Amino acid sequence: MLDLKRKRLKMIELIRLMKTLDQQVAQCSRCGICQSVCPLYDITKNESDVARGKLMLLDGLMRSFFDDPAGVRQRLDRCLLCGSCAANCPRGVNTVEIFLNARMIINGYSGLSLVKKIIFRYLLSNPNFFDRIVAWGARWQYLLFKKTDFKLDASCSTMVSPLLSERQMVPLAPIPFHKISSGLKSGLKPKLKQELKKSETEPGLKVAFFVGCLLDKVFPQVAIDIVRILNFHKVRVIIPPSQGCCGIPALSSGDYLTFNRLVAHSLNLFDPSGFDYLITGCATCTATINKIWPAMFKPEFESSSEDQKAAVRQIAEKTFDINQFLVDVIGVKPCVPPEEKSSKPIVTYHDPCHLRKTLNVYSEPRIVVQANDAYSFAEMPDAASCCGMGGSFNLTHYTLSTDIGKKKVAGIESTGAAVVATGCPACMIQLADMLARQKKQIRVAHVAELYSEKIF
């Protein structure tokens, strides 16, 4: 009887969500502007891959969804969620939010696959357990890699498996940032220990650092550089322990339950009254906290509903990308370039989709890059185009992801750059893979790494 009641309530909620989705889809005029900016359509020339085609699929979803949920899911999953369509829509249709809602509805009806249920419900939604599993994986990961003569500066490694042999993977870091920052790992350099301790006592502005999964587990040096940079500018850094994921991987797969759990977990760690700004070094985390949390999070308990919603709004308003914070709050300026032709190594910049298209942050990272006068800056053609990563899109549609990435590599190479900088660790992984596949000796770096080189 109880199970039947739950199923009825679940179906009522699905119908409510579908009605909301129909109202959102109705805003689209089918003008087709999204077609000209969609990185996937640029490769496939398939109308169903562009936002307009997906919205036409969703139009009248209540009438057709139950007939072919698998077909709807398959077509909706062929999307990078890059936001190019939303950023260029003349009617301001929030296609990313629509697609996230649609995936959530499909998952609510069809359920998660066993693999996703294990990954999201049992690993990602339990941050401490997830950390232990990843630490185990980092210890044994090199059994999956093979040695190659070619080495990219981003330390890519080729997979042993014949099915994955074309991929160049950036391995997990031996020591994640959360262990470094908590002092659980001995053998740290005394200066680094001193700087991490100093970050907790520095007077002045108080900044909470949301580390994110990839900076913590793949690029801890970038996280260290961010802390050192903030210390240099006399900013007090608060780094809550046991941080989890921002929730976007789960939500992108339609797992609203895990997304909600992860946001609630973060709310327990980050009290908005305790800091002036929340800083991230990940474009996707910044966009998720700033835009997706307020739009999609729903408190589990009615008694704490208003308090949690208010906390989400406050945190969202205080959330800044590290580059945006350095320029707009700290006041970092670019170095004045010399008039004569420079013989310095060239650095170019790739715009992460979630930073430029979702948050409209694009001039600030370029200013921070150009604050390091050891390099000569060159703008790449179509710097705002997607690199092809798209989170899980890279895993499920690797060939399409690679085709999109090849165009990005061509743009990078045309500048003659020795370094390509970006503000997203996922983009760093994709760029490293794409450059290594083509055996290009071009370093992939986070903007914070280059700025850290300047001041230390």
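With the requirement that a residue be hydroxyl-bearing (Ser, Thr, Tyr) and not in a loop (DSSP other than H, G, I, E, B), what does the stretch 348-373 give you?
348, 349, 358, 363
List pairs: first in the stretch 390-413 and at negative phi, second surrounded by fewer than 16 Cβ atoms within 10 Å (Cβ to Cβ) and not in a helix (DSSP H, G or I), Cβ under 6 Å, 6+ apart or cross-chain?
If the second residue must be surrounded by fewer than 16 Cβ atoms within 10 Å (Cβ to Cβ) and not in a helix (DSSP H, G or I), the pairs left are 409/438; 411/381; 411/382.
Going residue by residue through the stretch 335-347, is there one that turns out to be outside any strand (DSSP E or B), touching a residue at least 60 places away in the same chain (Cβ under 8 Å) and farther than 20 Å from residue 208 by Cα?
Within the stretch 335-347, one or more residues are outside any strand (DSSP E or B), touching a residue at least 60 places away in the same chain (Cβ under 8 Å) and farther than 20 Å from residue 208 by Cα.
Could you please give the count of residues in the stretch 249-261 that are of a type in the set (A, V, I, L, M, F, W, C) and either surrounded by fewer than 23 Cβ atoms within 10 Å (Cβ to Cβ) or free of Cβ contacts under 8 Å to residues at least 12 places away in the same chain (or both)?
1
Inspect all residues belonging to the stretch 405-414 and state whether any of them is among the hydroxyl-bearing types (Ser, Thr, Tyr) and in contact with a helix residue (DSSP H, G or I) (Cβ under 7 Å, 6 or more places away or on another chain).
no
Of the residues that sit in the stretch 408-436 and are in contact with a Cys (Cβ under 9 Å, 6 or more places away or on another chain) and not hydrophobic (A, V, I, L, M, F, W, C), which one is surrounded by the most Cβ atoms within 10 Å (Cβ to Cβ)?
Residue satisfying both the conditions and the ranking: 423.
Would you check which residues across the stretch 347-370 are in contact with a Cys (Cβ under 8 Å, 6 or more places away or on another chain) and farther than 20 Å from residue 286 by Cβ and list them?
The answer is 370, and nothing else.
State whether the residues of the stretch 169-180 include one that is out of contact with any Pro (no Cβ under 9 Å at 6 or more places or on another chain), modelled with pLDDT under 75 and either surrounded by fewer than 18 Cβ atoms within 10 Å (Cβ to Cβ) or more than 24 Å from residue 430 (Cα to Cα) (or both).
Looking through the stretch 169-180, none of the residues is out of contact with any Pro (no Cβ under 9 Å at 6 or more places or on another chain), modelled with pLDDT under 75 and either surrounded by fewer than 18 Cβ atoms within 10 Å (Cβ to Cβ) or more than 24 Å from residue 430 (Cα to Cα) (or both).
Based on this model, can you work out whether residue 330 counts as touching a strand residue (DSSP E or B) at 6+ places or on another chain (Cβ under 7 Å) and surrounded by fewer than 24 Cβ atoms within 10 Å (Cβ to Cβ)?
Values: touching a strand residue (DSSP E or B) at 6+ places or on another chain (Cβ under 7 Å): no; surrounded by fewer than 24 Cβ atoms within 10 Å (Cβ to Cβ): yes.
Taking the combined requirement at face value, the residue does not satisfy it.
Give me the residue from the stretch 225-237 that is of a type outside the set (Lys, Arg) and in contact with a helix residue (DSSP H, G or I) (Cβ under 7 Å, 6 or more places away or on another chain) and, out of that set, farthest from residue 293 (Cα to Cα). Quick ask: steps written out before the conclusion?
Initial filter on the stretch 225-237 (of a type outside the set (Lys, Arg)): 225-227, 229-233, 235, 237.
Of the ones still in play, those that are also in contact with a helix residue (DSSP H, G or I) (Cβ under 7 Å, 6 or more places away or on another chain) are 225-227, 229, 231-233, 237.
Numbers: 225: 27, 226: 24, 227: 25, 229: 27, 231: 28, 232: 31, 233: 29, 237: 23 Å.
By that ranking, first place goes to 232.
So the check is Cβ under 8 Å with 6+ separation or different chains; which pairs have a first residue in the stretch 167-194 that's assigned to a helix (DSSP H, G or I) and among the hydroxyl-bearing types (Ser, Thr, Tyr) and a second one that's surrounded by 13 or more Cβ atoms within 10 Å (Cβ to Cβ) and modelled with pLDDT under 65?
Short answer, once both residue conditions are applied: 181/196.
Specify which of the listed residues (373, 382, 403) is farther than 30 Å from residue 251 by Cα and either surrounded by 19 or more Cβ atoms within 10 Å (Cβ to Cβ) or out of contact with any Asp or Glu (no Cβ under 6 Å at 6 or more places or on another chain) (or both). Give the steps one after another, and end with the answer.
Working: 382 fails: farther than 30 Å from residue 251 by Cα; 403 fails: farther than 30 Å from residue 251 by Cα.
Sole residue among the options that is farther than 30 Å from residue 251 by Cα and either surrounded by 19 or more Cβ atoms within 10 Å (Cβ to Cβ) or out of contact with any Asp or Glu (no Cβ under 6 Å at 6 or more places or on another chain) (or both): 373.
Considering the stretch 109-145 alone, what residues qualify as being among the aliphatic types (A, V, I, L, M) and either within 23 Å of the chain's Cα centre (by Cα) or not in a helix (DSSP H, G or I) (or both)? Steps first, please.
Applying the first criterion (among the aliphatic types (A, V, I, L, M)) to the stretch 109-145 yields 112, 114-115, 118-119, 123-124, 133-135, 138, 143-144.
Across the stretch 109-145, the qualifying residues are 112, 115, 118, 119, 123, 124, 133, 134, 135, 138.
So, restricting to helices (runs of 4 or more DSSP H) that lie completely within the stretch 375-456, which ones have at least 3 residues that are of a type in the set (A, V, I, L, M)?
398-414, 425-437, 447-455
Here is a list: 34, 79, 28. Which entry is of a type outside the set (Asp, Glu), buried (at least 17 other Cβ atoms within 10 Å of the Cβ), modelled with pLDDT of 75 or more and more than 25 Å from residue 400 (Cα to Cα)? Please lay out each step first, then the result.
On the way: 34 fails: more than 25 Å from residue 400 (Cα to Cα); 79 fails: more than 25 Å from residue 400 (Cα to Cα).
Exactly one residue qualifies, and that residue is 28.
The values are calculated or read from the model by the stated rules, or taken from the named source; none is laboratory data. Everything quoted here is computed from the prediction, not taken from an experiment. Note that each Cβ is placed from the backbone with ideal geometry, even for glycine, and that neighbours are counted across all protein chains shown.
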